[in-house]
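Report on one structure; see the data block that follows.
The values are calculated or read from the model by the stated rules, or taken from the named source; none is laboratory data. All of these numbers come straight from a predicted model, not from anything done at the bench. In this analysis, Cβ positions are derived from the backbone assuming ideal geometry, glycine residues included, and neighbour counts consider all displayed protein chains.
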Amino acid sequence: MADMLTNLAKERLWEPYRGLEKKIVNLKGKMELLGSRKVDIVATIEDAEFHSSKKRKTEVQTWLSNVNNKLEDFQSLEKEVQECGRFDSIKLANFADTMIEEAEELIKQGKFPEGVLHNVYEEKGEPLVTTNLKGQVFRQNLENISEILRNDEVSIIGIYGMGGVGKTTMAMNIHNELLQESRFLGHIYWVTVSQDSSIQKLQNGIAENVGLDLSCVNDEIKRAAKLFQALKRMNTFVLILDDVWNNFDVKKVGIPLGNDGGKMIITSRSLEVCRRVGCQKNVKVNPLSKVEAWDLFTEKLGHGNNNEGQVIPIEIEKIAMKVAERCAGLPLGIITMAGCMKGVNDIFEWKDALQELEESSMMQDDMKNEVFPILHCSYTRLRDPRLQKCFLYCCLYPEDFEIPRVELVNKFIMEGYINARNSRQAQIDQGHAILNKLENVCLLESTEDVDENKCVKMHDLIREMAIKITSHPHHGRFMVKVGMQLRKMPELREWSEDLDKISLMHNCIDQISPCELYKCLELTTLLLQENRLLREIPYSFFMFKPCLRVLDLSYTNIEKLPDSLSTLENLNALLLKGCGELSFVPSLSKLKVLSELELTGTGIKQVPVGIPNLVKLKCLTMSGLKKLRSSEPPIDMFGSLSHLQHLMTPFSIRAMDLERMKQLEEFGGKMFSLSDFNKFVANRECYGQPIFFRVTLNGLTSDCVGDLYEYPVIFSSKEVILKDYCLKGGNNVVQPLREQSEAVINFPRDMQRLEVSWCDFISSDNSFLSALPSLINLTDLKIVKIVSSDGIECILRLPSNCQELIVPEGLGSLLKSLENLELYNLRILLTLLTSNLILKHLLRLFHMDLFQT
């Protein structure tokens, strides 16, 4: 009998494991089918792309990417199954079930009834935003280049001329015109080259435009071969390379031209560069005539032909014409100067501007370019020293770099360029106002990055002028060596004691010599971010830098910081974002004036000593700290931080600690308990602080370090994340899982987003809104996301006697505000609403995503 029970027990223990084996065999068959379909589709695509003008659809590329990820997941699962014990098999079996369903869905999606390709010409590229310059010379050049492009014997065209004469504008207009033509099938690619370019950077720029991934190919010859084949498959294309400074070998880059492929246009300040690259035809862009220059000047001034009723007063017109003449027909100078004088109607200001322009022209020998004196005059006319400092700060970034406005404004605050205000938001507003002024006078350009974040950009000549200004001691000297692929620090002789700011960002610096003393007694800013090979900073490096205020080491591979960091007693901002290898930060106790501490995404194992001593700290960001040894904050960590305006923390925090932070405007983190959360909501009702928040409530009593708050918050919304709770229904009654106590949860009235994850719903009609009825009356709620929660059969169950054409009372306010409803892994969801007509009304009002439901 004992043996029988033992055998039965063994069978029970082995049963889940055997079930897992069967599932893995089933899953493997589906993965093999998925892999075969992928091979067939890729072969079809590559053959069609090679022999025709078609390319793969975006949905096909997404499918291929998802298949690759799923195949990798399966390999990982197989490995886990081989290493797992019997007691892990249930979890793995559940995971295998999920993967089987996902594989079946991918197989179904992979049939593509409408085909995997489309004509490229049907999907034209986006036109570039540019100035449409007018005038006979401009039109003549455009027609000339268009004619040359029709010549099959010419494959490389050069556009050259002095800085600021309009080469880039010319090329942009050509780009936009070619997009409208059918002969190049929409294959028009724009690449900004810049002064610090190399073969590899040029290859990366072209590859990014044509959708080719070269990140895993390091060999220059192999990269060129892949790029060559990708371009050759298109049969015909035009590649426009803007701002070429140095000649390069077209074949080494991997550009097929002429009979092998398409055509290339380059812009350069040098005719010699055009010739060495191999341009068969070169077009010189000359300055505008006096008449054309005056027309452009008045147009940008706001008095052109398109601005009826706005006439320049006669007494000012003569002076304005002299100012326009001083711009020497250079569009960049004309646009910049007109921007700086826009709205000025006082004759004395115009006379003063002309005098300044004449004095700036005397600096021409020093500034080597005709347009520099004009740009320098525009800078001088900013008058406000704060505006001038903010403008010059932008030259610390790489050439042609799209600088996020949010980042720049934060740097202005750290540097002390923004006036002290009652709130951080007021300072941010002032920072954006400064950038707007610099855009309005045409010293900065407005742009967006690939993620559609608002950015600003400096024209390369304006940046050169700014760097020239900062080379003079009375302006506060800068050392700017950015994006130059430097392998080591600049020579010691370049580290003069009077340097004010040093920017070495976006390089490949891998070490700092411990033997050399980099003395910079007046240095206030040191920017070393994006040097991803940098692993160590010697103790001596922070010596002899007593005035350092801003230190940015973000996105480096530094493993530990030296104890000498503690000697930087004037440090205002320490930025270590994305330093994933950083395990140790020395004591910060002596950094009494530290205002901003950024630790997001670092590898620190414990919170740096001395944070409670940082009584002037205004911004503390600590998200994504996956290697922390404890999920509990140090004792009294938040007690003395009463000046915080921005707080992101992985630790659970008590309402009493937040109450002490009277200036807190932005908060992201977890609440210690449901009671603390309700107090937090009540305090916001009274005081309105913090303005923006993302609060997580975790209903599990055992909080693990791996579950720390990980995601960076863009503080522009008000969010609550409810996780691992039992929602009882009726009056917003909730109960933490694994606990007996029940309580009512109160949501902020202005909450904009709610996420409910891994919760159990127990309500009379198994609907989401009956479990949390107060949501119906929230007029600002825009997004609701429900993930892996049990007990939900529908979102709202309407009364049986409800007429379909009538929206129930209370639901109307929710329908007006709600924009997104995201449903993930809701296995028993049967319907959204019991009324189809109301459902249709709902679908018209907001976007809805359903995943694996």
For segment 746-770, how many residues meet the condition of being of a type in the set (Gly, Ala, Ser) and modelled with pLDDT of 80 or more? 1
In segment 490-509, what residues are touching an Asp or Glu at 6+ places or on another chain (Cβ under 8 Å) and surrounded by 14 or more Cβ atoms within 10 Å (Cβ to Cβ)? 499, 500, 505, 506, 507
Applying the selection to segment 677-695, what residues are over 17 Å from residue 644 (Cα atoms) and at pLDDT below 90? 685, 686
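For every residue, the table says whether it meets (1) among the acidic types (Asp, Glu); (2) at pLDDT 95 or above.
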position: 514; (1), (2): no, no
position: 541; (1), (2): no, no
position: 553; (1), (2): no, yes
position: 570; (1), (2): no, yes
position: 581; (1), (2): yes, no
position: 595; (1), (2): no, yes
In the set 218, 204, which member is modelled with pLDDT of 85 or more, in the same structural domain as residue 276 (by TED's automatic domain parsing) and either part of a loop (DSSP other than H, G, I, E, B) or not aromatic (Phe, Trp, Tyr) (or both)? 204
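Let's see how each residue does on (1) buried (at least 20 other Cβ atoms within 10 Å of the Cβ); (2) of a type in the set (A, V, I, L, M, F, W, C):
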{"position": "621", "(1), (2)": "yes, no"}
{"position": "627", "(1), (2)": "no, no"}
{"position": "631", "(1), (2)": "no, no"}
{"position": "635", "(1), (2)": "no, yes"}
{"position": "650", "(1), (2)": "yes, no"}
{"position": "654", "(1), (2)": "no, no"}
{"position": "658", "(1), (2)": "yes, yes"}
{"position": "661", "(1), (2)": "no, yes"}
{"position": "669", "(1), (2)": "yes, no"}
Before we move on, is residue 410 among the polar types (S, T, N, Q) and more than 30 Å from residue 338 (Cα to Cα)? no
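Which one of these is β-branched (Val, Ile, Thr), in a helix (DSSP H, G or I) and farther than 25 Å from residue 65 by Cβ: 145, 159?
Of 145, 159, the one residue that is β-branched (Val, Ile, Thr), in a helix (DSSP H, G or I) and farther than 25 Å from residue 65 by Cβ is 145.
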For residue 741, indicate whether it is over 30 Å from the mean Cα position of the chain (by Cα), assigned to a loop (DSSP other than H, G, I, E, B) and surrounded by 18 or more Cβ atoms within 10 Å (Cβ to Cβ). no
Of the residues in segment 365-383, how many are at pLDDT 50 or above and not in a loop (DSSP other than H, G, I, E, B)? 9
Condition set of a type in the set (A, V, I, L, M, F, W, C) and part of a loop (DSSP other than H, G, I, E, B), scope segment 407-443, selection surrounded by the most Cβ atoms within 10 Å (Cβ to Cβ): answer is 443
Out of the residues in segment 233-260 that are without any contact (Cβ under 8 Å) to a residue 40 or more places away in the chain and not acidic (Asp, Glu), which is farthest from residue 205 (Cα to Cα)? 259
Any residue in segment 440-449 that is under 22 Å from residue 575 (Cβ atoms) and among the polar types (S, T, N, Q)? no
What is the number of the single condition among (1) within 30 Å of residue 231 (Cα to Cα); (2) loosely packed, with under 13 Cβ neighbours inside 10 Å; (3) at pLDDT 80 or above; (4) not β-branched (Val, Ile, Thr) that residue 47 does not meet? (3)
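Can you tell me which residue is surrounded by the fewest Cβ atoms within 10 Å (Cβ to Cβ) among those in segment 444-468 that are over 16 Å from the mean Cα position of the chain (by Cα) and modelled with pLDDT under 90?
The extreme case among them is 445.
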For segment 247-274, how many residues are loosely packed, with under 15 Cβ neighbours inside 10 Å, closer than 28 Å to residue 144 by Cα and not aliphatic (A, V, I, L, M)? 6
Quick check on my filter: what residues within segment 771-814 are modelled with pLDDT under 70, touching a strand residue (DSSP E or B) at 6+ places or on another chain (Cβ under 9 Å) and part of a loop (DSSP other than H, G, I, E, B)? 797, 798, 808
Within segment 663-688, the residues that are among the basic types (Lys, Arg) and in contact (Cβ under 8 Å) with a residue 40 or more places away in the chain are 684
Filtered residue count, segment 156-184, keeping only those that are within 26 Å of residue 235 (Cβ to Cβ), crowded, with 22+ Cβ neighbours inside 10 Å and either of a type in the set (Gly, Ala, Ser) or touching an Asp or Glu at 6+ places or on another chain (Cβ under 7 Å) (or both): 2
Which one is farthest from the chain's Cα centre (by Cα), of the residues in segment 474-489 that are surrounded by 12 or more Cβ atoms within 10 Å (Cβ to Cβ) and not in a loop (DSSP other than H, G, I, E, B)? 475
